[in-house]
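Read through the structure below, which is laid out as structure tokens, and then see the notes.
Derivation of every value follows stated rules applied to the coordinates shown; laboratory data play no part. No experiment lies behind these values; they were computed from the predicted model shown. Neighbour counts are summed over all protein chains in view; Cβ atoms, including those assigned to glycine, are modelled from backbone coordinates with ideal geometry.
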Amino acid sequence: MAAPTTLPSALADAVRDESSLRRFLHGLPGVDQVGVEQRAAGLGTRSIKKASKMQAIDTAISMVDLTTLEGADTPGKVRSLAAKARRPDPERPDVPKVAAVCVYPDMVKTAADELKGTGINVASVATAFPSGRSTLEIKLADTRFAVEQGATEVDMVIDRGAFLSGRYGLVFDEIVRVKEACGDAHLKVILETGELVTYDNVRRASWLALLAGGDFIKTSTGKVQPAATLPVTHVMLQAVRDWHTQTGELRGVKPAGGIRTTKDAIKYLVAVHEVAGPEWLNNHLFRFGASTLLNDLLMQRRTQTDGHYSGPDYVTVD
Amino acid sequence: MWEYAPAPESRDIANLKPNYRMFVDGQFVEGTGEPLKTVNPATEEVLAEVSTASKEDVDKAVKAARRAYDRTWSKMPGSERAKYIYRIARLIQERSRELAVLESLDNGKPIKESRDVDVPTAAAHFFYHAGWADKLSYAGYGPDPKPLGVAGQVIPWNFPLLMAAWKIAPALACGNTVVLKPAETTPLSALVLAEIIQQADLPPGVVNIIPGAGDIGATLVEHPDVNKVAFTGSTEVGKIIQRQLAGTSKKLTLELGGKAANVVFDDAPLDQAVEGIVNGIFFNQGHVCCAGSRLLVQESVADELLEKLRVRVSTLRVGDPLDKNTDVGAINSREQLTKIQELVESGEGEGASRWTSACPLPDKGFFFAPTVFSNVSQAMRIAREEIFGPVLSVLTFRTPDEAVAKANNTPYGLSAGVWTEKGSRILWMAQRMRAGVVWSNTFNRFDPTAPFGGYQESGFGREGGRTGLEAYLDV
């Protein structure tokens, strides 16, 4: 197996070879489905109002990875998305910028040119997104291309086929190699939890990605249903929390796909706050992968500041 | 930092009245006992004045129940009784918000629990038992099981509405009439239930609700014309009642105290076990007879689990019961708070290590911060006595046999929990633990279809499910 980054000795043993990795991942405590879903539903009943809601909305806006991942994407589409990212609500300059714009590798240059000097990151999916079904060489080339084009963040997919057939070493090595290919770019590892299915798998894949050096663990590509769910995000938040307890390092979580409303976003923020902890409540450690969420956040923000609902015609559709 | 703004439910929803009266023979009437003032434990303000029953009033209520039993309720076909009980269930649902707020005001429990657990489960008990009313012949108690007569029921303050539902629903379904005494500190929701019973147009006298102190409960259970006594409350009072009824033909069920063991094995789903432990002991401020108040954790994971537990307990929000974000509300009374404090001091005195959440507590009202004792041994009072508060005692074990031995080493036996991913071990443990309810990989889950009740000093008889019908049938 490829050499991992520096790990505390207890964890370094876990990645010594394929069989120790396997033993480590299978030695993680199980996740009880009923229990985690009950906890997620329970935390979902938190009532966030007034100043705390306003703060949540602004925090959520600043955590959005504004995403377009369509076959129909054009430079024009990406440019207008970048404009939206810079000024989400043109009439309200106090609205924070989003965290990043997320595009396919061939659109990275367009996005990077548009976002130069804004502090907004350019994220690119890579590694034969969304299926991940290609050779390692092609995945690495895909990653290098994205970074050369100006991506500051890379969203890779893991080989779910390899994971589900128990070839953890292969998945691990791929992440390590992609991380190397990223250079200074931040690496988000997409687990595609909709294909991993069980919470036990989600926990193992989370740890696998953290051990291999992923800066973020991300739920989904958005191309598979179900995409992000609250209980899955709970399991991943618990994983980064446990990682912090063991290593002192802070790693991030990004739910992606299916989060469309402010109400949903706030439930995720409550989970971040109470499962991982308050130190995760910023866009260095938590992101939303979303395209339509931003507009709902903007509409709800206007409702908070204006005292009444406006409507979808008052926010831009880019 | 992100602080949650207060999100209080409006207390106006409770429709609080300055005075409440007892409900006898279909009417709200002034009792001739000394009126009591019921207090909001979160603010110590008086909520309302409630008239109470005297000994003569108890007699009137029992006579009304007897008349209703003889003339209408016992003769009515089950399918007709069911209609009334269904109506009560629906009315509870319709007035659920009012009941939830009232319950939180009077009892101190957080609104999220009264809203999501107490009131819906109370309605569920009426729905479930309404279904039995015309099917008693198929319940396994013979072709045409008969009711017992008048049931005298005495309930505690920890789940005022839910306990009333647990008691009244099966009694009515089986064709009995009821005289129920709610607890002295929490009479309000039972009296709103009486309004609902009036609204549902139940024949007068079928259900009578008489607030009062312990002496009224004693008068009720020893009344010669009561055929069945059901009591939920302390073991101490349960023993007195059992002595009182010895030698009479009255049928008795007792649901008393507990000191449940929540057993966590090293292969448990630890994060969910932490949730279950929290739910087991901090649900309803620990005012739960089946609370998982003794955590038995396998030594090999004890440190890891305790660390996770402390982190999780630190996130519990203690405060205004009406705030929708409150996790732990107020202790029901000063008396109970004093008892908790006294036992906690004994724990410290006997050498257990105390850890208490650093959460802020309100200035007024009866509150106690969630507390976890580790290094507890079986000999300490906090491992043997029921604390009935948000205080957890943590003990460790090495082998499954030791876990069983420690779990069973108590005069109680109401509930238990097992946490392990190994199915065979769950069954092995469930067979050996002397407890009426054994939860596996969960805790404090209640359902009207599942029988509930205890072993030894936790009482006898079952409530809920098909088994629970037996207590109200002449079998």
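Looking at chain B alone, DSSP beta bridges between its own residues are antiparallel in about 30 percent of cases. Looking at the protein assembly as shown, the DSSP beta bridges with both ends there are about 20 percent antiparallel. In terms of its C-alpha gyration tensor, chain A has an oblate overall shape, because the principal axis ratio a/c (a ≥ b ≥ c, square roots of the eigenvalues) is not below 1.5 and a/b does not outweigh b/c. Consider a paramagnetic label point 7 Å from the Cα of B:Glu335 along Cα→Cβ; state which residues of the range B:162-184 have an amide N under 17 Å from it. Once the point is set 7 Å along Cα→Cβ of B:Glu335, B:181-184 turn out to lie under 17 Å by backbone N, inside the range B:162-184.
Subtracting the Cα-Cα distance from 0.36 nm times the residue separation, let me have the gained length for B:Asn19 to B:Ala358 in nm, one decimal.
Gain in length upon complete extension: 118.1 nm.
For B:Ser249 and B:Asp116, the FRET efficiency from 1/(1 + (r/R0)^6), where r spans their Cβ atoms and R0 equals 41 Å, is about 0.50. For A:Val157, the residues whose amide H sits under 5 Å from its own are A:Ala126, A:Ile190, ignoring neighbours fewer than 5 places away on the same chain, with H placed 1.01 Å from N. Taking trypsin sites (Lys or Arg not before Pro) across the range A:43-130, the ones in a DSSP loop with at most 13 further Cβ atoms lying within 10 angstrom of their Cβ are A:Lys116.
One Cα centroid belongs to the range B:428-463, the other to the range B:229-276; the line between them spans 9 Å. Sequence-ordered 3J(HN,Hα) estimates for the range B:416-432 from the Karplus curve with 6.51, -1.76 and 1.60 and θ = phi - 60° stand at 7, x, 10, 10, 6, 8, 9, x, 5, 6, 4, 5, 4, 5, 4, 5, 9 Hz, glycine and proline given as x. The relative contact order of the range B:189-308 comes to 20 percent, based on Cα pairs under 8 Å that sit 6 or more residues apart.
What the Cβ-Cβ distance of A:Thr305 and A:Ala128 gives, at R0 = 60 Å and to the nearest 0.05, is a FRET efficiency of 0.85. Taken as Cα centroids, the range B:150-227 and the range B:69-102 sit 13 Å apart, rounded to the nearest whole angstrom. Partner lysines whose Cα lies under 24 Å from the Cα of A:Lys53, excluding those fewer than 8 positions away in the same chain, are identified as A:Lys84, A:Lys97, A:Lys254, A:Lys263, A:Lys267, B:Lys112, B:Lys324.
Too long at a 30 Å Cα-Cα cut-off: which of A:Lys116/A:Lys218; A:Lys49/A:Lys223; B:Lys109/B:Lys250?
The answer is A:Lys49/A:Lys223; B:Lys109/B:Lys250.
Between B:Leu180 and B:Gln153, B:Asn208, B:Ile209, B:Ile210, the built amide H atoms are under 5 Å apart, and every one of these is 5 or more places off in sequence or on another chain. Size descriptors for the range B:261-440, from the alpha-carbon set: Rg then Dmax equal 15.6, 49 Å.
With a simple spin-label model that places each label point 7 Å from the Cα along the Cα-to-Cβ direction, the separation between B:Asp447 and B:Asn409 comes to 3.4 nm.
Shielding by partners for peptide B:272-283, expressed as the average number of C-beta atoms from other protein chains within 10 Å of each residue's C-beta, is 3. The distance linking the range A:21-90 with the range B:334-405 is 39 Å (Cα centroid to Cα centroid, whole angstrom). Phi angles across the range B:453-459 convert, under the Karplus curve 6.51 cos²θ - 1.76 cosθ + 1.60 with θ = phi - 60°, into 3J(HN,Hα) values of x, x, 10, 6, 6, 8, x Hz, Gly and Pro given as x. DSSP beta bridges confined to the range B:261-440 are antiparallel in about 15 percent of cases. Taking label positions 7 Å along the Cα-Cβ direction at both A:Arg79 and B:Ser10, the computed distance is 5.3 nm, reported to one decimal.
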